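The values are calculated or read from the model by the stated rules, or taken from the named source; none is laboratory data. On a predicted model such as this, the values are computed, not experimentally measured, just so you know. Please note: Cβ atoms are built from the backbone with ideal geometry, for glycine as well, and neighbour counts cover all protein chains shown. When the accessible area is computed, the model is the full protein with side chains, heavy atoms only, and any ligands, DNA or RNA have been set aside. Shrake-Rupley method; radii C 1.70, N 1.55, O 1.52, S 1.80 Å.
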Amino acid sequence: MTGRFTAILLITLLSFANQCYANKFISLKKKKSEKIVLPFELINNLIVVKMKVNNSSELNFILDTGLKNTIVTELSYYDTLEIKHARITTLSGLGGDSPLKVYESKGNTFDFGKIRVENQNLYVMAEKVFHISELLGMPIHGIIGHSVLKEYISDINYVQRRIVLYKSSDYKFKPKGKWDSHDIELIGDKPYMYCTVITHKSDTISVKMLLDTGASQAMWLDKNSHNKISLPERSVETHLGMGLNGSITGSVGVINNIILGRYNLKNPFCAFPDSSSLHGYTSIDNRNGSIGSNILRKFRMVIDYKKGKLYLKRSAYYNNKFFFNVSGLEIGTPIPGIPVYEVYNINQASNAYKSGLRKRDQIVSINNKDLIDMTLSEINGFIEERQGRKLYLKVLRNNKEESITFRLETL
């Protein structure tokens, strides 16, 4: 069984016998009202925190408010993880492939910061399919669902790279200054809010959106969820990312506005997933789309799950321009931490593909910049900021160097 996980994974296969575990939250702080500070890294707009699972070594997890449970997506050959009460099952979500095969485990203990959370559900992927570590350029072991933090008031500060947690039963958040208050609706323990969108045709509509810190883009909308939501005339077909059910394909365009209370954000990039990637998933919760971290990072954000409240206050990132990778390609590193970069995904309709770039080409330089001196985040940022400009690439294919030139799309 260990060969299935690329790591040493100890699993006790036991019958559930309809046993029900209650979530038990234990703060290791002595004073009930004292705050707990959880630092994080911000990688490609994603919140990455360190967590131990059943007294394991510290592992890196993405905090995802759009996901209920916690998933272990991959382990290195040197990681050891022990889980109990496991059985094989499947998970469904966005993506165009079949449901994800996982091991479901109950009764697990999570430790992060100074918090211990007991009797938690955990899902361990039977096969490595996401390649998150390679696409973010650092070891990522899984995704933390928001159910871990739902007993806490979460103060998320993207600028300071920290989350301050307060026990909901012991603390009342009192917004001072220019905070904007919003009601959130919890469906399946996931947070949804209503906001206003002004489309590229200047139609003003109210939309129901999932708050999704696990999505790095600004937002996405389902074209089939409202008769006034449509794809902008000027758009680019691209690979939008990975969901639980595999690759998410679609297009990206620019809409006029998204309005969150007093905050009016102009010309955000908006993804429009293909219906094959959504396969009716949005109809389950009757939402129109999701708000991702490229918007959420513009705010200091306080979420009170118990009272159904979201508080927003503009951050130092508020006036930053929206960017999106319109190149049609995803670049990754086969060994995170080593500056070797390859093409992991490429859209066959893109200028990059038409110019001869192919999947698994190793990129040596871009516009005479040697990539050995750049991080993956810097490379992605460099490409995102160059809409409409030419890129000059030197690549290695079958140990032969080739030169490829193409112009990025403009939105």
Completion exercise
Which residues qualify? For K309, with a placed amide H closer than 5 Å and at least 5 residues away or on another chain, they are I184, D304
Handout entry: Placed amide H near E409: partners under 5 Å, 5+ positions off or other chain
Key = G388
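Which order do peptides 196-204, 321-329 fall in by mean Cβ count within 10 Å, highest first? Don't skip to the answer; put the middle values down first.
Working: 196-204: 15.3, 321-329: 19.8.
Packing proxy ranking, top to bottom: 321-329, 196-204.
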Practice task
For the chain, give the magnitude of the charge dipole about the Cα centre (Cβ charges: +1 Lys/Arg, -1 Asp/Glu; no others), in debye to the nearest 20.
Solution key: 1460
Exercise for the section: Calculate what fraction, in whole %, of the accessible area of the chain sits on carbon and sulfur atoms when a 1.4 Å probe is rolled over the protein chains. Expected result: 46
Exercise for the section: Take the Cα coordinates of the chain, assign each an equal point scatterer, and use the Debye formula without solvent to give log10 I(q)/I(0) at q = 0.07, 0.11, 0.12 Å⁻¹. Expected result: -0.34, -0.86, -1.03
Handout entry: Spatial separation of Cα centroids for the stretch 212-234 and the stretch 153-180, in angstrom
Key = 29
Problem - By average C-beta atoms within 10 angstrom, highest first, the peptides 63-76, 220-233, 152-165 - result: 63-76, 152-165, 220-233
Practice task
Enumerate the amide H contacts of G137 below 5 Å, restricted to partners 5 or more residues apart or on another chain; note that Pro and chain-start residues carry no placed amide H.
Solution key: T333
Completion exercise
Rounded to the nearest 500, the 222 nm mean residue ellipticity computed for the chain from DSSP H runs (n ≥ 4, each -39500 (n - 2.57)) alone is -1500 deg cm²/dmol
Exercise for the section: Kindly write out, for the stretch 124-138 in residue order, the coupling ³J(HN,Hα) from the Karplus curve 6.51 cos²θ - 1.76 cosθ + 1.60 (θ = phi - 60°), rounded to whole Hz, with x marking Gly and Pro. Expected result: 10, 5, 6, 9, 7, 10, 8, 6, 5, 4, 5, 7, 9, x, 8
Completion exercise
If each part is reduced to its alpha-carbon centroid, the stretch 46-71 and the stretch 346-411 end up apart, in Å, by 32
Handout entry: 1.4 Å probe accessible area per residue over the chain, in Å²
Key = 46
Practice task
Give the cross-link partners of K394 among the lysines, using a straight C-alpha distance below 19 Å as the criterion and excluding same-chain residues fewer than 8 apart.
Solution key: K354, K359, K369
